[in-house]
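S.K.: Below you'll find the structure I mean.
The values are calculated or read from the model by the stated rules, or taken from the named source; none is laboratory data. These figures come from a predicted structure and were not determined experimentally. Here the Cβ positions follow ideal geometry from the backbone for every residue, glycine too, while neighbour counts run over all protein chains shown. Areas reflect the complete protein model, heavy atoms only, side chains present, ligands, DNA and RNA absent. Shrake-Rupley method; radii C 1.70, N 1.55, O 1.52, S 1.80 Å.
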Amino acid sequence: MKNIYIIGIVCILCLIQGCSDITSNTAIGKTSNINKKVDSVLSLMTVKEKIGQLVQYNGSWDLTGPPSDVNSKEKFEKLRNGEIGSMLNVLTVDATREAQKAVMEHTRMKIPLIFAYDVIHGYKTMFPIPLGESASWDLEIMQKSAEISAKEAAAAGLHWTFSPMLDVSRDARWGRIMEGSGEDTYLTAQIGVAKVKGYQGDDLQSEYTIAACAKHFAGYGFGEAGRDYNTVNIGEYELHNIVLPPFKAAADAGVATFMNSFNEIDGIPSTANKMLQRGLLKGAWNWDGFMVSDWGSIQEMIAHGYAKDVKHAAELAINAGSDMDMESKAYESSLEILIEEGKVAIATIDDAVRRVLRIKFRLGLFEDPYKYCNNEREKTSIYTPENLAIARDVARKSIVLLKNENKVLPLKKQVKNIAVIGPLANDKDSPIGNWRAQGAANSAVSFLEGIENALHKKVPFEKGVDLSIGKRSFLSPMTFNTSDRSGIPAAVKLAKKSEVVLMVVGEDAFQSGEGRSQTNIGLVGLQQELIEEVYKVNQNIVLVLMNGRPLDISWHAANIPTILECWHLGSEAGNAIADVIFGDYNPSGKLPVSFPYTVGQEPLYYNQKNTGRPSNPSDVTYSHYNDAPKTALYPFGFGLSYTSFKYDNLNLSTASFSKNEAIVVTVDVTNTGEIGGEEVVQLYIRDLVGSITRPTKELKGFEKVFIDAGETKTISFTINEKTIEFYTANKLWEAESGEFNVFVGGNSVDLLEKDFNFTKI
Ligand code: BGC
């Protein structure tokens, strides 16, 4: 035993000092060097030590100090024994150092811990919730916000974020739709790659970058009826063509880790899905990072009715490729016995441990386990004015102007008699959104503050009603105000004497997010009543929406002249909205998700199939609703500007192409208004006949461009074989010969159209 210990120390020291065979700086060279180091560490480990690397524990002690309760003492004991390889929710330099010391100073192998945290839209500087930020369609700024989030998290001792969430979600009822990039596969993939690059940078070794995590693998956004954690029933082709591409893109971009999902797909919980985790991700995609289970998802397979007990669950999960156990306590209790019983091969354990060690090496933790522990940096580089300035920029780019009849917006700053009304107007907390990491409660610039900052004066305000009452937190159920109307008369009185009413309504921060599914996606509580009372005395309303999901705003779209979609925009929300309201920023956001006429249309998405009965004006026997349109109220890709854009001259370099050739698509976009503005030029295709049926439109490219007033820009896209590939009836990603439509425009409905042809020879 002692000998092994000495060899271990020598070996690890050698690795730490880099005296092993560093032969090359190329990516492949680096990987093969790391793999050699991983193997030499692995060869020294006992089975118990190996299992320890696959166990992740939640931290429950005070954020800034050593253990204070019995439970924490037990965890420290386990750390000292090498029974834990990773911790989540342990943050700050002092707390991570304390836990790391327990491992580095007491365990035989001295393998550093990796600290994880849900840094979903910022660490302390809060950016818009992911659904909101996705409305910017600005990949550069989204990469930047991830880079800043990583820097702040790394300054607090963290190595790893559980982000980006790549779950395509088409259902507004699902609370976690706020955490993704909406309904489209292509857009989600592009944003996912930008996020991975932002968090991980070019070099995971840098102390400013952290490991990213592509989650939730897979299908979590397709829970039946929008209910969280619910059963998913999607076919193989839907899975491959709609759900998986963003994950493939993240894997190709080198994302360090994946997380599996709570749901089952067609009878198999993802945690035990061998086809997904081993066959596809680690097999066909050749991805070499590690897979962490979702919180407790291993033992949840008992409730699913898939595992008979924890031991069985551990066996199913590890054999299917779930490498690290987050908080199920299944691996620590069962893996050793399962190995002894021959139900889990040691090679399976070795593969999982190798994957974990590889990422720890890539992060540089073996060289310096405390490299993220710098108290000075923690004090000076989190929540800085520079980071907040970028948060404001991201926030204003994420706002979507849905309606601007009579050009009420932008308001002149000289406007007299402006009124601010609504329960979210002076709410400094809801804009912080759910999944707020260290975003402090009540720390956002409220809407009212933003307006007052812009005007340099106090503005009359009445909240009218409260939205939610009682405790508000990540885990507490919400209670809405449905009875206290006492503030409505004062709001009506204020509206009556005002020229314009800025009405701020929507959703509480904790109304969307995990476990926050809803069957009603209208304005809850007494908000609608407030709007209608105000509307009776003053119709000149600018409706400012703050929400984490698409809402049913059909009454508002029909009655209110101006609607601004402002999501939960983060720390600088109020200032960013004021920038748009007063025209200091010309809105450029486009919806990443369809807004329905009614919740009954959900799941609603633009890239629907045609069906065998798309239309039949003469009778009712076609695919539609008797009582609502089948299209969106505000479609995917939609968003207005204070200027207008005209699309002309859609041109294809050739009308047909074959293998290894390409078509260049060009279009002229003219700013026909009075001021400069940004437009998101979108390219869609339709594959008219396929070996499986194809959607009526699919986004395949976009570009966000600034165009000056009166200026015309020619935008070009390239279509090649890759663009038209899909998972075909051959169960392969490939292009099929045939006819296609190509569409270009400023949203998924108003489009110019041409045709082309592809021949696969
Ligand atoms: C969520 C994950 C999250 C994990 C750790 C789970 O409940 O589904 O997305 O990363 O908790 O906080």
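S.K.: Evaluate the following for ARG377: is it open to solvent by 10 Å² or more (accessible area, probe 1.4 Å), basic (Lys, Arg) and out of contact with any helix residue (DSSP H, G or I) (no Cβ under 7 Å at 6 or more places or on another chain)? If you could, list the steps in order and put the result at the bottom.
M.R.: On the way: open to solvent by 10 Å² or more (accessible area, probe 1.4 Å): yes; basic (Lys, Arg): yes; out of contact with any helix residue (DSSP H, G or I) (no Cβ under 7 Å at 6 or more places or on another chain): no.
So ARG377 fails the test.
S.K.: In the list HIS312, HIS304, which residue meets the criterion of being over 18 Å from GLU179 (Cα atoms), open to solvent by 20 Å² or more (accessible area, probe 1.4 Å) and either among the basic types (Lys, Arg) or within 16 Å of the ligand (Cβ to nearest atom) (or both)? Give the derivation first.
M.R.: Numbers: HIS312 fails: either among the basic types (Lys, Arg) or within 16 Å of the ligand (Cβ to nearest atom) (or both).
Of the residues listed, the single one that is over 18 Å from GLU179 (Cα atoms), open to solvent by 20 Å² or more (accessible area, probe 1.4 Å) and either among the basic types (Lys, Arg) or within 16 Å of the ligand (Cβ to nearest atom) (or both) is HIS304.
S.K.: Identify, please: which residue in region 25-51 is outside any helix (DSSP H, G or I) and loosely packed, with under 12 Cβ neighbours inside 10 Å and is, among those, modelled with the lowest pLDDT?
M.R.: Across region 25-51, the extreme among qualifying residues is ASN25.
S.K.: Go through (1) touching a residue at least 60 places away in the same chain (Cβ under 8 Å); (2) within 25 Å of the chain's Cα centre (by Cα); (3) under 23 Å from THR161 (Cα atoms) one by one and return the number of the condition ARG358 breaks.
M.R.: (2)
Okay, residues lined up against (1) under 28 Å from the mean Cα position of the chain (by Cα); (2) under 30 Å from LEU640 (Cα atoms); (3) open to solvent by less than 50 Å² (accessible area, probe 1.4 Å):
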position	(1), (2), (3)
LYS704	yes, yes, yes
THR718	yes, yes, no
GLU725	yes, no, yes
ASN741	no, yes, yes
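S.K.: State whether one or more residues within region 112-124 are surrounded by fewer than 24 Cβ atoms within 10 Å (Cβ to Cβ), more than 16 Å from the ligand (Cβ to nearest atom) and closer than 25 Å to SER571 by Cβ.
M.R.: Yes, region 112-124 contains at least one residue that is surrounded by fewer than 24 Cβ atoms within 10 Å (Cβ to Cβ), more than 16 Å from the ligand (Cβ to nearest atom) and closer than 25 Å to SER571 by Cβ.
Yes/no per residue for (1) in a loop (DSSP other than H, G, I, E, B); (2) of a type in the set (Ser, Thr, Tyr); (3) free of Cβ contacts under 8 Å to residues at least 24 places away in the same chain:
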residue: ILE390; (1), (2), (3): no, no, no
residue: ALA395; (1), (2), (3): no, no, no
residue: LEU402; (1), (2), (3): no, no, no
residue: LYS413; (1), (2), (3): yes, no, no
residue: ALA419; (1), (2), (3): no, no, no
residue: ALA425; (1), (2), (3): yes, no, no
residue: LEU448; (1), (2), (3): no, no, no
residue: SER476; (1), (2), (3): yes, yes, no
residue: ARG485; (1), (2), (3): yes, no, no
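S.K.: Right, next: Quick one: count up the residues across region 508-528 that are under 23 Å from ASN230 (Cα atoms), touching a Lys or Arg at 6+ places or on another chain (Cβ under 7 Å) and in a loop (DSSP other than H, G, I, E, B).
M.R.: Residues meeting the conditions: 7.
S.K.: Does MET142 satisfy the criteria of being within 16 Å of the ligand (Cβ to nearest atom), assigned to a helix (DSSP H, G or I) and buried (at least 24 other Cβ atoms within 10 Å of the Cβ)?
M.R.: Numbers: within 16 Å of the ligand (Cβ to nearest atom): no; assigned to a helix (DSSP H, G or I): yes; buried (at least 24 other Cβ atoms within 10 Å of the Cβ): yes.
For MET142, the condition - within 16 Å of the ligand (Cβ to nearest atom), assigned to a helix (DSSP H, G or I) and buried (at least 24 other Cβ atoms within 10 Å of the Cβ) - is not met.
S.K.: Let me ask you something else. Within the set of pairs 6 or more residues apart or between chains, which connect a residue that is within 18 Å of VAL500 (Cα to Cα) inside region 570-588 to a residue that is outside any helix (DSSP H, G or I) and among the acidic types (Asp, Glu) with Cβ atoms less than 9 Å apart?
M.R.: ALA578/ASP584
S.K.: Identify the residue in region 244-264 that is within 16 Å of the ligand (Cβ to nearest atom) and among the aliphatic types (A, V, I, L, M) and, among all such residues, is nearest to ASN230 (Cα to Cα).
M.R.: Of the residues in region 244-264, the ones within 16 Å of the ligand (Cβ to nearest atom) are 246-247, 250, 255-264.
Checking which are among the aliphatic types (A, V, I, L, M) leaves us with 250, 255-256, 259.
Values: ALA250: 25, VAL255: 27, ALA256: 28, MET259: 17 Å.
The extreme case among them is MET259.
S.K.: Can you find even one residue in region 525-533 that is within 16 Å of the ligand (Cβ to nearest atom), closer than 23 Å to GLY600 by Cβ and modelled with pLDDT of 95 or more? Write out each step before concluding.
M.R.: Taking region 525-533 as the starting set, the residues that turn out to be within 16 Å of the ligand (Cβ to nearest atom) are none.
No; the residues of region 525-533 include none that is within 16 Å of the ligand (Cβ to nearest atom), closer than 23 Å to GLY600 by Cβ and modelled with pLDDT of 95 or more.
S.K.: Among (1) within 16 Å of the ligand (Cβ to nearest atom); (2) outside any loop (DSSP other than H, G, I, E, B), there is one condition ASP167 misses while meeting the rest; what is its number?
M.R.: Of the numbered conditions (1) within 16 Å of the ligand (Cβ to nearest atom); (2) outside any loop (DSSP other than H, G, I, E, B), the odd one out for ASP167 is (2).
S.K.: Sticking with this structure for a sec: In region 76-111, which residues are open to solvent by 10 Å² or more (accessible area, probe 1.4 Å) and either at pLDDT below 95 or basic (Lys, Arg) (or both)?
M.R.: Answer for region 76-111, where residues must be open to solvent by 10 Å² or more (accessible area, probe 1.4 Å) and either at pLDDT below 95 or basic (Lys, Arg) (or both): GLU77, LYS78, ARG80, ASN89, THR92, ASP94, ARG97, GLU98, LYS101, ARG108, LYS110.
S.K.: If you don't mind, another one. So, of the residues in region 630-653 that are part of a loop (DSSP other than H, G, I, E, B) and open to solvent by 50 Å² or more (accessible area, probe 1.4 Å), which turns out to be farthest from ASN241 (Cα to Cα)? It would help to see each step written out before you state the result.
M.R.: Here is the first cut: in region 630-653, the residues part of a loop (DSSP other than H, G, I, E, B) are 630-633, 635-639, 641-644, 653.
After this cut, where a residue has to be open to solvent by 50 Å² or more (accessible area, probe 1.4 Å) as well, the list is 630-631, 644, 653.
Numbers: LYS630: 23, THR631: 22, SER644: 34, SER653: 28 Å.
Once the filter is applied, the top-ranked residue is SER644.
S.K.: Modelled with pLDDT of 95 or more and exposed (fewer than 14 other Cβ atoms within 10 Å of the Cβ): does that describe TYR625? I'd like the intermediate steps shown before the answer.
M.R.: Details: modelled with pLDDT of 95 or more: yes; exposed (fewer than 14 other Cβ atoms within 10 Å of the Cβ): yes.
Yes; evaluated as a whole, the condition is true for this residue.
S.K.: When you scan region 187-228, how many residues do you find that are within 14 Å of the ligand (Cβ to nearest atom) and of a type in the set (Lys, Arg)?
M.R.: 1
S.K.: Filter region 327-341 down to the residues that are surrounded by fewer than 24 Cβ atoms within 10 Å (Cβ to Cβ) and under 12 Å from GLN53 (Cα atoms) and list them by number. Break it down into steps so the answer makes sense when it comes.
M.R.: Kept after step one, since they are surrounded by fewer than 24 Cβ atoms within 10 Å (Cβ to Cβ), are these residues of region 327-341: 327, 329, 332-333, 336-341.
Listed by number, the list holds a single entry, GLU332.
S.K.: Need the failing condition index for ARG472 against (1) under 30 Å from ALA146 (Cβ atoms); (2) open to solvent by less than 10 Å² (accessible area, probe 1.4 Å); (3) without any contact (Cβ under 8 Å) to a residue 60 or more places away in the chain, just the number.
M.R.: (2)
S.K.: Quick check on my filter: what residues within region 658-698 are within 24 Å of ALA135 (Cα to Cα), aliphatic (A, V, I, L, M) and either touching a Lys or Arg at 6+ places or on another chain (Cβ under 6 Å) or open to solvent by 10 Å² or more (accessible area, probe 1.4 Å) (or both)?
M.R.: Matches in region 658-698: VAL669, ILE675, VAL680, LEU683, ILE685.
S.K.: In addition: Restricting to region 218-236, name every residue that is in contact with a Ser or Thr (Cβ under 6 Å, 6 or more places away or on another chain) and either of a type in the set (Asp, Glu) or in a strand (DSSP E or B) (or both).
M.R.: The answer is GLU224, ASP228.
S.K.: What number of residues within region 685-712 are within 18 Å of ASN586 (Cβ to Cβ) and assigned to a loop (DSSP other than H, G, I, E, B)?
M.R.: 4
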